[in-house]
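Comments concern the structure below.
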Amino acid sequence: MTTSEYFGTRRDLLKLAGATAVAGTLADHVFAEARGSVVVVGGGFGGATCSRYIRRLAPGLDVTLVARSKNFVTCPFSNMVIGGIRELASVTHGYDGLRRAGVTVVHDEAVAIDAGNNGIQLSGGDRLSYDRLVLSPGIDIKWAAIDGYDEEAAQRMPHAWIAGSQTRLLRDQLGAMEDGGLVVMAAPANPFRCPPGPYERASLIASYLHQHKPRSKLLILDSKDGFSKQGLFREGWERLYPGLIEWVGFSEGGNVVAVEPDTMTVHTDFDTFRPDVANIIPPQRSARLVDTADLAEGDDWCSVDQRTFESRVVPNIHVLGDAIIAGAMPKSGFSANSQAKVCAHAIVSLLAGEDPPEPAFINTCYSLLKGDYGISVAAVYRLDENGEIASIPGSGGVSPSNATDEFRQAEAEFAKGWYASITADMFG
Amino acid sequence: MKTYRWPSKTAAGRNSVILPRIGNWLAPLLVSVAMSAGGAGAGESWTGLLAEMCAACHGQTGKSPGSVPDISELDAQAMQAFLTGFRDGDIEATVMDRIAKALSDSDIKALSRILTENWQLLHGTPDEENDNQ
């Protein structure tokens, strides 16, 4: 069904049904009369979702999505590529579905925001004008936060925290490593993209080593003393890969302070390691594009009105996803997808001269410890009395500990189902 | 009242431990819900956007392209019975129990109505008999 047929059908039905409706629902609210231009920067979970939902809600709006590459490689499920149980192609998505939904997709890089003139400059020379700008630009690495870790070092010691060529590099290094080798992973302090990500990755690297290079070892050097779903990960590691993974927290000397890529050396405060493969996941910040309008005001992350995702610094610019602090929400693909829908509703409401609806958010982060062993953390959020996104007391939480194999297997299946669904939700 | 059958072909086989039990619980729940399903509650205003969040796992029409249970054929009463059952621990789940604990009775009622109305429109096959709450 095309977009126009869908809305046509809906409008006719609603006319027939007399349209009794709750404010903010899809069924009653088609912003057919809304006019204007929305530019969305960033072709990932936040940007793809936001542009698609704006078109769905307000077919009269011009929506342009600026995506750097012709294909988007998702960070979610890229750990399965590193663990050798999925191909990179299976986590790579194109933008044809968004084009079919009426989104104008431009493959270029946004280089400067000209907020005073409601414009954005692209590296190819074009300039786009907007009534509302949405930025979902993701993260940039804080180069040199770990001494010696720069873009060149990342070619020897991949971060693989922005999926694509880095993912392939880390996978290939693991593939080339001899049995009996040492893999070191450096995990950053909070906040960072995908809090359970390093530990899912450690699990799936262990899965690969356990199967193909069983005399090898994986050492996680952590810049914090605890991590997401820690109990469940450690339970799984003992059960699936006894003795293979060692985790060293911050107080035990896990903080990586320097690397020397030429000699494959990793320094903590107290120790020196010479791994065969080093996966350095460094500290991160919002993508540097936000600095061109000073949206982070010198901080690492942007601050937004959590009802509309409009910047607290510059009007008519909305920021979402990993680049912001979003109350209690973690930086995850699901969070960005959730925020993008709220932002889409807010923007079409504002452009139609209406009040934005009351937000609601969900995040479920699945992690795989093995192809058929999954765990999750879930939360439902709404705004608290201070306008901050807060988890609803008594809800959410992690999977049960000591669950049956069947339960872990079901969660692994649902993780794959989630991936299929959310990428379809984003890309069509 | 419509008899409800779990509609997902993927759910039946793969998630054998978790999902078949739902069938056992559903019949009595449906009866009790049908008895109490008088006028639609006002619901909380946040449920309009909450309904949008379900698509990330269940698909925009309630039908996931993957292994997440297909809920596209549920009517509002069945949806309400599931959510209430998940929340109260009467129906086993892997994650929906944790999510449903965020919902009040009126949230569940509003959410069930909104989702099924949206999906009927998206499917283009509205069941007018069930559209009279």
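The values are calculated or read from the model by the stated rules, or taken from the named source; none is laboratory data. Everything quoted here is computed from the prediction, not taken from an experiment. Neighbour counts are summed over all protein chains in view; Cβ atoms, including those assigned to glycine, are modelled from backbone coordinates with ideal geometry. Calculation scope for accessible area: heavy atoms of the full protein, side chains included, ligands and nucleic acids excluded. Shrake-Rupley method; radii C 1.70, N 1.55, O 1.52, S 1.80 Å.
In table form, for the structure just shown:
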item: Helix-derived mean residue ellipticity, 222 nm - over chain A, DSSP H n ≥ 4, -39500 (n - 2.57), to 500; result: -9000 deg cm²/dmol
item: Principal semi-axes in Å for region A:153-282 [√(5λ), Cα gyration tensor, largest first]; result: 19, 18, 15
item: Karplus-derived HN-Hα couplings along region B:67-81 (A = 6.51, B = -1.76, C = 1.60, θ = phi - 60°), whole Hz, x at Gly and Pro; result: 8, 5, x, 6, 10, 5, 9, 5, 8, 4, 5, 5, 4, 4, 5
item: Of A:LYS70/A:LYS331; A:LYS331/B:LYS101; A:LYS70/A:LYS224; A:LYS331/B:LYS109, pairs whose Cα-Cα distance is over 28 Å; result: A:LYS70/A:LYS224; A:LYS331/B:LYS109
item: A:VAL40 long-range amide H proximity, modeled H, under 5 Å; result: A:THR64, A:LEU65, A:VAL66, A:VAL134
item: Point-charge dipole on Cβ atoms (K/R +1, D/E -1) for region A:79-179, about Cα centre, debye to 20; result: 460
item: Summed residue charge, Cβ within 14 Å of A:GLU252's Cβ, Lys/Arg positive, Asp/Glu negative; result: -4
item: Dipole magnitude of chain A about its Cα centre (Cβ charges: Lys, Arg +1; Asp, Glu -1), debye to nearest 20; result: 1180
item: Hz values of 3J(HN,Hα) by residue in region A:247-254 - Karplus curve (6.51, -1.76, 1.60), Gly and Pro given as x; result: 10, 10, x, 3, 5, 8, x, x
item: Karplus 3J(HN,Hα) series, Hz, for region A:86-99 with 6.51 cos²θ - 1.76 cosθ + 1.60 (x for Gly, Pro); result: 8, 8, 4, 4, 6, 10, 10, 10, x, 10, 4, x, 5, 4
item: Mean accessible surface per residue for region A:343-399, computed with a 1.4 Å probe while every protein chain stays in place, in Å²; result: 32
item: Sequence-distant residues sharing a close amide H with A:LEU61 (under 5 Å, placed H); result: none
item: For region A:330-354 versus region A:229-272, the gap between their alpha-carbon centres in whole angstrom; result: 37
item: Centre separation in Å (Cα based) which lies between region B:48-123 and region A:138-177; result: 40
item: All aspartates and glutamates inside 20 Å of A:LYS370 as judged from Cα atoms, apart from same-chain residues fewer than 8 positions distant; result: A:GLU87, A:ASP172, A:ASP179, A:GLU200, A:GLU235, A:GLU238, A:GLU246, A:ASP405, A:GLU406, A:GLU411, A:GLU413
item: With every protein chain in place, chain A: carbon and sulfur % of accessible area (1.4 Å); result: 46
item: Cα pair count fraction exceeding 42 Å, expressed as % - chain A; result: 16
item: Segments B:65-71, A:312-318 sorted - mean Cβ within 10 Å per residue, highest first; result: B:65-71, A:312-318
item: Peptide ranges A:107-115, A:330-338 listed from the most packed, as the mean C-beta count within 10 angstrom indicates; result: A:330-338, A:107-115
item: Per-residue mean of C-beta atoms belonging to partner chains within 10 Å, peptide A:183-196; result: 0
item: For A:ILE324, residues with placed amide H under 5 Å, excluding near neighbours; result: A:CYS302
